[in-house]
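Student: Please find one structure pasted underneath; my questions will follow.
The values are calculated or read from the model by the stated rules, or taken from the named source; none is laboratory data. Computed from a prediction, not measured in an experiment: that's the story for all the values here. Every residue, glycine among them, receives a Cβ derived from its backbone with ideal geometry; neighbour counts consider all protein chains shown. Accessible surface areas use protein heavy atoms only, side chains included; no ligands, DNA or RNA. Shrake-Rupley method; radii C 1.70, N 1.55, O 1.52, S 1.80 Å.
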Amino acid sequence: MNEEFYVGYLPKAPARLSVAMRRIVLALVGLAVTLAIALVLAQAPFPSSTFEFQNYKEFAGVLQELPYPSLVASKPYLIVAPGKHGAQELVKGLDGRTVRLRGSLIYRDGTAMIEALPNKIQPSANPPVALAAAIDLGSVTVAGEIVDSKCYLGVMNPGNGKVHRDCAVRCISGGIPPAFVVKDSSGVAKILVLSNAQRLAEFVAEPVQISGRLLRSGGMLTLEADPGSIRRLGKRE
């Protein structure tokens, strides 16, 4: 039996060798395509979060400075400044005042935020009003992950986890309200605005447990943490 072999300087390979090589190449291409499709399907879908970048809108309501700047309107909105900055300086002295402001909307899972444009917050001539006190839902101990609310709500994707840790630490350090993402009994993620917590930077993007008072104002939930109650639950895989 004569075995076919290919000499490099010949213009054409033997027929049987050509057929075998074509089959091998087609099989490798098919395997590569299959692996690519499998990797895409294995990726977790992006969350339904939105940042209406440079889509500026007018908002009106009553400003609340504490625990973080927010606008009380038909629904509550957290307020932040552009970039990695909170809006504390933008709203200073306007607690309880009716205002109009302009900014971009950020939202996810029923929680909304406005990235307010500087020098576009206009108080009315009306005197400050007394805002309704938040409803105290009692003491709780919950487990979850600390994130910066601005990125998590829609500015970044993903806005949580170790890949986002450094950005979250800088945002929280700049005054962005921290949030605590927990899951209810059905496994649905819930966003709690986190106040009164200490040493947050060292716990960001890790599974932790926090105890405190759960408060509800409008549709927004706030966890007023007991000082020093943050505890690591273990290393993230």
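Student: Pairs of Cα atoms under 8 Å, at least six residues apart: use those to get the relative contact order of the chain, whole percent.
Tutor: After rounding, I find 16 percent.
Student: Something else about it: Show me the ranking of peptides 49-56, 176-183 by mean Cβ neighbours inside 10 Å, starting with the highest.
Tutor: 176-183, 49-56
Student: Test of understanding: what is the full-extension gain from residue 48 to residue 141, defined as 0.36 nm times their sequence separation minus their Cα-Cα distance?
Tutor: Length gained between residue 48 and residue 141: 30.8 nm.
Student: Would you check the accessible area of residue 84, probe 1.4 Å, heavy atoms only, in square angstrom rounded to 10?
Tutor: Only protein atoms counted, so the area is about 70 Å².
Student: Could you tell me the distance between the Cα centroids of segment 176-222 and segment 101-115, to the nearest Å?
Tutor: Result: 18 Å between the Cα centres.
Student: Among the listed pairs 75/120; 150/190; 92/120; 84/183, which have their C-alpha atoms separated by more than 18 angstrom in this model?
Tutor: Beyond 18 Å between Cα atoms: 75/120; 84/183.
Student: For the chain, max minus min Cα coordinate along each principal axis, in Å, sorted largest first?
Tutor: Result for the chain: principal-axis Cα extents of 102, 40, 29 Å.
Student: For residue 166 and residue 129 in the same chain, what is the full-extension length gain: residue separation times 0.36 nm, less their Cα-Cα distance, in nm?
Tutor: Between residue 166 and residue 129, full extension yields an extra 9.4 nm.
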